[in-house]
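A.B. asks: Quick one: this structure, given as structure tokens, is what I'll be asking you about.
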Amino acid sequence: MAKDKFQFSPSITDSEFLMEIYDAVGTAICVTDEHGYYVEVNRAYCELYGYTREELIGKSFTMVLPESMREKGQQIHDAFIAGAPEMPDEWKVMRRDGTLLDVYVVPSLMIRKDGTRCKVTAVTNITEYKKLKELARLSGESASVVKS
């Protein structure tokens, strides 16, 4: 007889199950506290930036921004936590090895039961997409020069 419902393993708690889902998702996700310090990152986030979870937790998210963008990034984070809107946007970020990436970030505000505010950010690497887009633009310009 087939079971109609998925049965949780008695050895896995709901929170452990949610953490497994969080880590299984291919989208890079981080959670920062009201000051901008990492409180949680998933596997995809670590892989994107080249850090381990332990190297990120407790550190400022600005560590993955180029030096010239850190102050602005912190200001945007602080304003978002305070209630200002922040639209999804493209950012230039830096991997542990110094490689620059183009990413698309989607922020969400999470207000916990105790009233503390956290920022949940989903990050998508768009570096290759932007390279292809630029190549297509250059090809289009070359084609129009040839036609002239």
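A.B. asks: Rounded to the nearest 20 debye, what is the charge dipole size of segment 14-147 about its Cα centre when +1 sits on each Lys and Arg Cβ and -1 on each Asp and Glu Cβ?
C.D. replies: Result for segment 14-147 is approximately 500 debye, rounded to the nearest 20.
A.B. asks: Still on this structure: Let me check I've understood the local charge: for residue 103, count other residues with C-beta under 9 angstrom from its C-beta, Lys and Arg +1, Asp and Glu -1. What total comes out? It would help to have the intermediate numbers written out before the result.
C.D. replies: Numbers: positive: 92; negative: 90, 102.
Charge balance near residue 103 sits at -1.
A.B. asks: List the aspartates and glutamates whose alpha-carbon lies under 18 Å from that of residue 113, not counting same-chain residues fewer than 8 positions away?
C.D. replies: 14, 33, 34, 40
A.B. asks: Output ³J(HN,Hα) for segment 21-34: one whole-Hz value per residue in order, computed from phi by the Karplus curve 6.51 cos²θ - 1.76 cosθ + 1.60 with θ = phi - 60°, and x for Gly and Pro.
C.D. replies: Using θ = phi - 60°, the values come out as 5, 3, 6, 7, 5, x, 7, 6, 10, 10, 10, 10, 7, 5 Hz.
A.B. asks: While we're here: Given Cα pairs under 8 Å that are at least 6 residues apart, what percent is the relative contact order of segment 38-98? Don't skip to the end; give the middle numbers.
C.D. replies: Working: 43 pairs, mean separation 23.2, N = 61.
Worked out over segment 38-98, it gives 38 percent.
A.B. asks: Treating only the Cβ of Lys, Arg, Asp and Glu as charged (+1, +1, -1, -1), what charge dipole size does segment 57-118 show about its Cα centre? Round to the nearest 20 debye. Please list the in-between numbers first.
C.D. replies: Values: 9 positive and 9 negative charges, 57 e Å.
That gives segment 57-118 a dipole magnitude of about 280 debye.
A.B. asks: For the chain, what is the calculated [θ] at 222 nm in deg cm²/dmol (nearest 500), taking -39500 (n - 2.57) for each run of four or more DSSP H residues and dividing by its residue count? Let's see the in-between values first.
C.D. replies: Details: 5 runs with 56 residues, N = 148.
Calculated from helices alone, the mean residue ellipticity at 222 nm is -11500 deg cm²/dmol.
A.B. asks: With θ taken as phi - 60° and the coefficients 6.51, -1.76 and 1.60, list the Karplus ³J(HN,Hα) couplings across segment 88-94 in order, rounded to whole Hz; mark glycine and proline as x.
C.D. replies: Karplus values, whole Hz, x for Gly and Pro: x, 7, 8, 9, 9, 10, 10.
A.B. asks: Measure off 7 Å from each Cα along the Cα-to-Cβ vector at residue 82 and residue 16, then give the distance between these two points in nanometres to one decimal.
C.D. replies: 4.3
A.B. asks: Past 29 Å, Cα to Cα: identify those pairs from 59/131; 72/131; 59/133, in the order given. Please list the in-between numbers first.
C.D. replies: On the way: 59/131 31 Å; 72/131 25 Å; 59/133 34 Å.
Beyond 29 Å between Cα atoms: 59/131; 59/133.
A.B. asks: Once the cut-off is 19 Å, how many percent of the Cα-Cα pairs in segment 12-148 end up in the long-distance tail? Show your work: numbers first, answer last.
C.D. replies: Working: 5221 of 9316 pairs.
More than 19 Å apart: 56 percent of the Cα pairs in segment 12-148.
Here, each number is a calculation from the coordinates, and none is a lab measurement. Predicted model, so just to flag it, every value in this text is computed and none were measured. Don't worry about glycine lacking a Cβ; one is built from the backbone with ideal geometry, like all the others, and counts go over all protein chains shown.
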